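After the structure tokens below, expect a handful of questions from me.
The values are calculated or read from the model by the stated rules, or taken from the named source; none is laboratory data. Since we're looking at a predicted model, the values are computed, not measured. Cβ coordinates were reconstructed from backbone atoms using ideal geometry, including for glycine residues, and neighbour counts include every protein chain displayed. Note: areas computed on protein heavy atoms with side chains; ligands, DNA, RNA excluded. Shrake-Rupley method; radii C 1.70, N 1.55, O 1.52, S 1.80 Å.
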Amino acid sequence: MDGIEAQELALDFLMAEWEIAEADREWFSVLNCRWVKDSWYVVEIGVEGLPDKWVIQVYDTGECDPNYTFNSPISAASGTAELEEFPPEVAQMISKERQG
């Protein structure tokens, strides 16, 4: 497996996990992908225009760790006004992740 395959696996995993429609996949992009200790890739996925990101481990077996990490400098208490421009499923996903 290479980094490109790991990126695709991580994106596929995240889209399936949140049941994001194929048409809304374009809102997501890989921010970073790095190989760690001869065992797995760490893939960071974000949404353009937002500081939020998901960090997913993709093992050399092609499996994604279901215990991914979500990072955001924006708390749920800050509101969701900036999410209004996104498709409802994407906005709801980010809002729920921010709530922890």
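Please compute the per residue accessible area over segment 1-99 with all protein chains in place, 1.4 Å probe, rounded to a whole number of Å². Don't skip to the end; give the middle numbers.
Working: 5720 Å² over 99 residues.
On a per-residue basis, 58 Å².
Next question, about the same structure. If you take every residue apart from E48 with its C-beta less than 13 Å away from the C-beta of E48, what net charge results, scoring Lys and Arg +1 and Asp and Glu -1? It would help to have the intermediate numbers written out before the result.
Details: positive: R25, K53; negative: D24, E26, D52, E82, E85.
Here the count lands on -3.
Within the chain, list the GluC sites (Glu not before Pro) lying in a DSSP loop whose Cβ has at most 16 other Cβ atoms in a 10 Å radius. Please report the intermediate quantities before stating the final value.
Values: sites: E5, E8, E17, E19, E22, E26, E44, E48, E63, E82, E84, E85, E89, E97; in loops: E19, E48, E63, E84, E85.
Passing both the DSSP loop test and the Cβ count: E19, E48, E63, E84, E85.
Turning to a different aspect of this structure: Please state the charge dipole magnitude for segment 16-100, taken about the Cα centre, from unit charges on C-beta atoms (+1 on K and R, -1 on D and E), reported in debye and rounded to the nearest 20. Before the final figure, lay out each step's value.
Details: 6 positive and 17 negative charges, 74 e Å.
With Lys and Arg at +1 and Asp and Glu at -1, about 360 debye.
Still on this structure: Which residue, P51, P88, I20, has the largest displacement toward the positive end of the dipole of the chain when charges sit on each Cβ (Lys, Arg +1; Asp, Glu -1)?
Selected residue: P51.
If you add up the charges near P73, with Lys and Arg at +1 and Asp and Glu at -1, over every other residue whose beta carbon is less than 11 angstrom from its beta carbon, what do you get?
Charge balance near P73 sits at +1.
Ordering K96, K37, K53 from largest to smallest accessible area (1.4 angstrom probe), what's the sequence?
On the way: K96 100, K37 165, K53 60 Å².
Accessible-area ranking of K96, K37, K53, largest first: K37, K96, K53.
Taking only C-alpha pairs under 8 Å that are 6+ residues apart, what is the relative contact order of the chain in percent? Kindly include the intermediate steps, with their values, before the conclusion.
Working: 135 pairs, mean separation 22.0, N = 100.
Over the chain, the number comes to 22 percent.
Taking 0.36 nm per intervening residue step and subtracting the Cα-Cα distance, what contour gain separates F70 from L31 on full extension?
On the way: separation 39, 0.36 × 39 = 14.04 nm, distance 1.34 nm.
Additional length available on full extension: 12.7 nm.
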